[in-house]
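Here's the structure we're looking at; comments come further down.
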Amino acid sequence: MQRRAVFIVLLAGLLLGHSNSIAGTSQEEEQNRTGLARAVIGAKASLAQGLATVTRKGKPLSARFEIEDGRLQISVYRVKDGQFSEVILDPDTAAIDEVDPITSGNDYTVAQNRSAALTSAKRSLSEAVGGALRGYPGFHAVSVVPTLKNGHPVAEIAVTNGNVWKTVTEKLN
């Protein structure tokens, strides 16, 4: 009986420790999300401007604001002449900072899937972002990702006003 009580106490301690780490992760994720929202709202360039910049130099496959090494940037996956790349843009000017080829690994698979989702799309990602924002005045687009739903291309757009986050789905055909 004593062993069983010790086992239960140990198990409860492990579970409690695990739930605290989960709660810590959720709190950390919430802080990151809040920081990202503030940064996006303070950016001079919009996600749509980033997409427009990349459109002049290829076809955007997805786009998002992200904080990398403590610095806000716009990251756009694109395809140009059959080659995938990640284009990093300045969040204040939407100018291209760097272009990194995507030739293998998970990023390559993601780029292929996003490209395939856009194959039958009749609307651009920029149009989808504009449509999403029309329904949410005062919100800012944080990311846009194409996918297939029931065989039809759609774009999932994350938007925020700093306090509230929404995911808006826009049809692309």
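Here are 121, 116: which of them is out of contact with any Phe, Trp or Tyr (no Cβ under 6 Å at 6 or more places or on another chain), part of a loop (DSSP other than H, G, I, E, B) and at pLDDT 95 or above? Break it down stepwise before answering.
On the way: 116 fails: part of a loop (DSSP other than H, G, I, E, B).
Exactly one residue qualifies, and that residue is 121.
Residues that are at pLDDT 95 or above and part of a strand (DSSP E or B): does the stretch 38-59 have at least one? Scanning the stretch 38-59 turns up at least one residue that is at pLDDT 95 or above and part of a strand (DSSP E or B).
Only a single item in (1) closer than 13 Å to residue 47 by Cα; (2) in a strand (DSSP E or B) is not met by residue 78, and it is number (1). Listed by first and then second residue, the pairs linking a residue in the stretch 117-141 that is farther than 14 Å from residue 46 by Cα and buried (at least 21 other Cβ atoms within 10 Å of the Cβ) to a residue that is modelled with pLDDT of 95 or more and basic (Lys, Arg), with Cβ atoms under 6 Å apart and 6 or more places separating them unless they lie on different chains, form an empty list. With respect to the stated conditions, residue 91 is outside any strand (DSSP E or B) and touching a residue at least 40 places away in the same chain (Cβ under 8 Å). Any residue at all in the stretch 160-172 that's over 21 Å from residue 32 (Cβ atoms) and among the polar types (S, T, N, Q)? Within the stretch 160-172 (the criterion being over 21 Å from residue 32 (Cβ atoms) and among the polar types (S, T, N, Q)), the answer is yes, since at least one residue qualifies.
Restricting to the stretch 49-71, count the residues that are surrounded by fewer than 19 Cβ atoms within 10 Å (Cβ to Cβ) and not β-branched (Val, Ile, Thr). Talk me through it step by step, then tell me what you get.
To start, the set of residues in the stretch 49-71 that are surrounded by fewer than 19 Cβ atoms within 10 Å (Cβ to Cβ) comprises 49, 52, 55-59, 66-71.
After this cut, where a residue has to be not β-branched (Val, Ile, Thr) as well, the list is 49, 52, 56-59, 66, 68-71.
The total comes to 11.
Does the stretch 56-79 hold any residues that are closer than 21 Å to residue 109 by Cα and of a type outside the set (Lys, Arg), and which are they?
Just the residues of the stretch 56-79 that are closer than 21 Å to residue 109 by Cα, to begin with: 58-66, 74-79.
Within the stretch 56-79, 58, 60, 61, 62, 63, 65, 66, 74, 75, 76, 77, 79 qualify.
Remark: pairs (first residue in the stretch 66-83, touching a residue at least 40 places away in the same chain (Cβ under 8 Å); second residue assigned to a strand (DSSP E or B); Cβ separation under 8 Å; 6+ apart in sequence or on different chains) are absent.
The values are calculated or read from the model by the stated rules, or taken from the named source; none is laboratory data. Source: prediction; values computed, not measured. Don't worry about glycine lacking a Cβ; one is built from the backbone with ideal geometry, like all the others, and counts go over all protein chains shown.
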